[in-house]
Amino acid sequence: MTIQDSFVLAWRTVKGNKLRTGITVAIIAFGIMALIGIITAISAMNQSLKENFSFMGANAFVIRYKEMNARFGGGPNNGDEFGKSKKGQREKKSNLDKVIKIEEANYFKDHFGFSRAAASISIRKNGNNELHYKNRKTNPQISLMGGDENYLAVNGYSLTQGRNFNNVDINSGRNVCIIGSNVAAKLFPGKPEKCLDKVILLQGKPYRVIGLLKSKGSSAMLRQDDVVISSLKNVRQYQGSSSYSLGVMVNNVTELEPAIDEATEQMRKARRLIPSETDNFVVDKSDKFADMFIGFLAGISGAAGAIGMITLIGAAIGLMNIMLVAVSERTREVGLIKAIGGKRKDVRRQFLFESILISILGAVFGIILGVLVGNIFSLVLHTGFVVPWMWVVIGIVICSVVGLAAGIYPAMKASALNPIDALRYE
């Protein structure tokens, strides 16, 4: 009996036992679906995080007075973009506790001499503002930012309508603002472009809208379009003092490291640090927080793998039991194969093919379902269709190994049957 004959017989047997095959395939498919589905969802979340957290681009960085700590959930953050962690609140204050004053920020901007680079001073206030226009209002989740003429460019924003801040806006601190696309859509439904020159209320104060930002997209952890931006002086005079941030953008990503060195030197001068003192500020690249959250998701990937493997182990046990039942049911068939010249290896091969075929069918259906289920997150997060090809290949290999392992003992048992006894079996 050739390998092709063994394969054809195995396929016919698999097709002929639809109920048994279907149940076993379903068990394996659910295990692979859990694994591939979670991995696909995590891949979509990774892609969304990279897009949303790299809001300054690969050629930019920001200087702050302390490390930013990721925090899930809402609530005020007292001027820090992600708030303090509880652990950080319990820890002893280090040298990263001295806020960046406006004088230090201005010194840095005036003396930062790196060519082909733009520097910006900004301040972030609470992210729970509610804006009003006539009888309409936004949700109380709008972030208030104060910036200069370079703020939009350095932070990756662009205007679809209106203009940037001019010298009069910046020097006078008058009540003008630029609003995000979500704010405009909420206050001016259907016609967000009508927001220009309209007067909206921010914390009870009238602000004239001079610009509308192009949408940057949002995630569950970063709402970049829920923002209102005014001049630095305006936010200072109404919101009080806080620590300032310094953003720097270079023309080419290859110039990033030299620019960071120059910025570090000028910031040390602005902070009046002597050579023996360590830096009391931090320099963050724009992709730092994407990498940090992706690291968090790596733990979920491990859990997904564990869930999938547990399910597949259960499927392997079930498949082995089903194949053992098949050996008992087809004892006379095995005796007939041996009686007409079939060898032990032919019988082993046929049963192994059956086991592997059932496993691969389960893998195919499980992968298709897993990718479809996982890409629900792609629709929610507005990312492209994600297919984790590496895990698809891994899933097929794992299922093949599961099928082989589950079929070895039944195949050995079937091949060891005595043909005379097998033919007499009732």
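The values are calculated or read from the model by the stated rules, or taken from the named source; none is laboratory data. Computed from a predicted structure; not experimentally measured. For neighbour counting, all protein chains shown are included, and Cβ atoms are generated from backbone atoms with ideal geometry for every residue, glycine included.
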So which of Thr24, Thr2 ends up being at pLDDT below 75 and more than 30 Å from Val253 (Cβ to Cβ)?
Thr2
Scan (1) at pLDDT below 90; (2) over 22 Å from Val62 (Cα atoms); (3) out of contact with any Asp or Glu (no Cβ under 9 Å at 6 or more places or on another chain) for the single condition Arg236 breaks and write down its number.
(2)
Residues of region 167-215 satisfying the condition of being among the charged types (D, E, K, R) and at positive phi
Asp197
What residue, among those in region 384-404 that are in contact (Cβ under 8 Å) with a residue 12 or more places away in the chain and not in a helix (DSSP H, G or I), is surrounded by the most Cβ atoms within 10 Å (Cβ to Cβ)?
Pro388
Within the group Gly190, Gly146, Gly173, Gly162, which residue is surrounded by fewer than 21 Cβ atoms within 10 Å (Cβ to Cβ) and either of a type in the set (A, V, I, L, M) or in contact with a Lys or Arg (Cβ under 7 Å, 6 or more places away or on another chain) (or both)?
Gly173
Here are Ile3, Ile42: which of them is over 16 Å from Phe365 (Cα atoms) and touching a Leu at 6+ places or on another chain (Cβ under 6 Å)?
Ile42
What pairs come up if the first residue lies in region 100-116 and is surrounded by 14 or more Cβ atoms within 10 Å (Cβ to Cβ), the second is among the hydrophobic types (A, V, I, L, M, F, W, C) and assigned to a helix (DSSP H, G or I), and their beta carbons are under 6 Å apart, counting only those six or more places apart or on different chains?
Glu104/Ala270; Tyr107/Ala270; Phe108/Met267; Phe108/Ala270; Phe114/Ala259
Any residue that is in contact with a Pro (Cβ under 9 Å, 6 or more places away or on another chain), farther than 22 Å from Ile42 by Cα and either at pLDDT below 75 or buried (at least 16 other Cβ atoms within 10 Å of the Cβ) (or both) - is there at least one of those in region 361-383?
no
Failed condition for Ala44, given (1) of a type in the set (A, V, I, L, M, F, W, C); (2) surrounded by fewer than 18 Cβ atoms within 10 Å (Cβ to Cβ); (3) in contact (Cβ under 8 Å) with a residue 60 or more places away in the chain:
(2)
For Arg268, all conditions in the list (1) assigned to a helix (DSSP H, G or I); (2) at pLDDT below 90 hold save one; what is the number of the exception?
(2)
Find all pairs meeting these conditions: Cβ atoms under 8 angstrom apart; at least six residues apart or on different chains; first residue within region 9-20 and within 14 Å of Ser359 (Cβ to Cβ); second residue in a helix (DSSP H, G or I) and charged (D, E, K, R).
Ala10/Glu354; Val14/Glu354
Out of all the residues in region 158-205, which are of a type outside the set (Asp, Glu), under 24 Å from Ala119 (Cβ atoms) and touching a residue at least 60 places away in the same chain (Cβ under 8 Å)?
Phe165, Ile170, Asn171, Ser172, Gly173, Arg174
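Among the residues that make up region 162-178, is at least one of them among the β-branched types (Val, Ile, Thr) and closer than 13 Å to Ser215 by Cβ?
Scanning region 162-178 turns up no residue that is among the β-branched types (Val, Ile, Thr) and closer than 13 Å to Ser215 by Cβ.
For region 134-148, state whether one or more residues are assigned by TED's automatic domain parsing to the domain that holds Ser230, free of Cβ contacts under 8 Å to residues at least 12 places away in the same chain and at positive phi.
yes
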Might you check whether a residue that is modelled with pLDDT of 75 or more, part of a helix (DSSP H, G or I) and either over 30 Å from Glu130 (Cα atoms) or not acidic (Asp, Glu) (or both) occurs anywhere in region 47-54?
no
